[in-house]
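Notes for the one structure printed next.
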Amino acid sequence: MTIPELSIKRHILAFMLSALIVLFGLIAYQRIGVDRYPQIQFPAVSILTNLQGANPEVMDAAVTNVIETMVNSIPGIERIESSSRPGVSMVIIIFELGKDVDVAFNEVQAKVNQAIAQLPDDADYPVVAKLETGAQPILWLDLSGDRTMTQLSRYARTVLKKR
């Protein structure tokens, strides 16, 4: 006997089986664990170096290129993004998704320690940090009005933050 024949000849049994499947589905749906904001950690490490008074060209040649050259040999790099501004060099290393961010951080730290000897003497020690996507703000709010700054801050803390 096929399923269509069973459904026609014993329609109450077919209805009860269908109702049972729907009931199990509803129970499973209510108990399923879903996180609204899942923790996704992209393996990325940033290197920030300061050199007071240096223009972007000097920062690029003396700091950014030196750091890029040293960290370029680390395995598992997807891409390297860098920017040189007056007095500041920022290098962001983005690794392949399978790379453990802690291992990547240690490898970058070791390469940066090797690069310190090649950096200018008056450059600050490079700051190596993991980029955490969950730590980035999702909303910037600018508050202005005819009140004092203290009153606006109090309003933001007591009213807007709770909402």
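The mean of 1/r over all distinct Cα pairs in segment 37-103, once inverted, gives the Kirkwood hydrodynamic radius of 12.8 Å. Mean residue ellipticity at 222 nm, helices only, the chain: -11000 deg cm²/dmol; runs of at least 4 DSSP H residues each add -39,500 (n - 2.57), and the sum is divided by the number of residues.
Segment 19-98 and segment 104-124 have their alpha-carbon centroids 19 Å apart. Rg over Rh for segment 1-129 works out to 1.53, using Cα positions for both radii and the Kirkwood form for Rh. The Cα trace of segment 74-163 gives Rg and Dmax of 20.0, 56 Å, the first to one decimal, the second as a whole number. Its relative contact order, with pairs defined as Cα atoms under 8 Å and 6+ residues apart, puts the chain at 27 percent.
Mind checking segment 78-163 for chymotrypsin sites (Phe, Trp or Tyr not before Pro) that DSSP puts in a loop (not H, G, I, E or B) and that have at most 10 other Cβ atoms within 10 Å? The qualifying sites are TRP140.
Running Debye on segment 69-127 with equal point scatterers at the Cα sites and no solvent, what base-10 log of I(q)/I(0) appears at q = 0.17, 0.28 Å⁻¹? Result of the Debye calculation: -0.60, -1.32. May I ask you to list the residues of segment 67-97 whose amide nitrogen lies under 20 Å from a point 7 Å from Cα along the Cα→beta-carbon direction of ALA61? Inside the label zone: 67-70, 82-91.
Remark: segment 98-163 carries 80 Å² of accessible area per residue (probe radius 1.4 Å; ligands, DNA and RNA excluded).
Subtracting the Cα-Cα distance of LEU17 and GLN151 from 0.36 nm times their residue separation leaves 41.8 nm of extension gain.
The values are calculated or read from the model by the stated rules, or taken from the named source; none is laboratory data. As the structure is a computational prediction, the values presented were derived from the model and not from experiment. Positions of Cβ are generated from backbone atoms using ideal geometry, with glycine treated the same way; all protein chains shown enter the neighbour counts. These area figures cover heavy atoms from the full protein model, side chains too; ligands, DNA and RNA do not enter into them. Shrake-Rupley method; radii C 1.70, N 1.55, O 1.52, S 1.80 Å.
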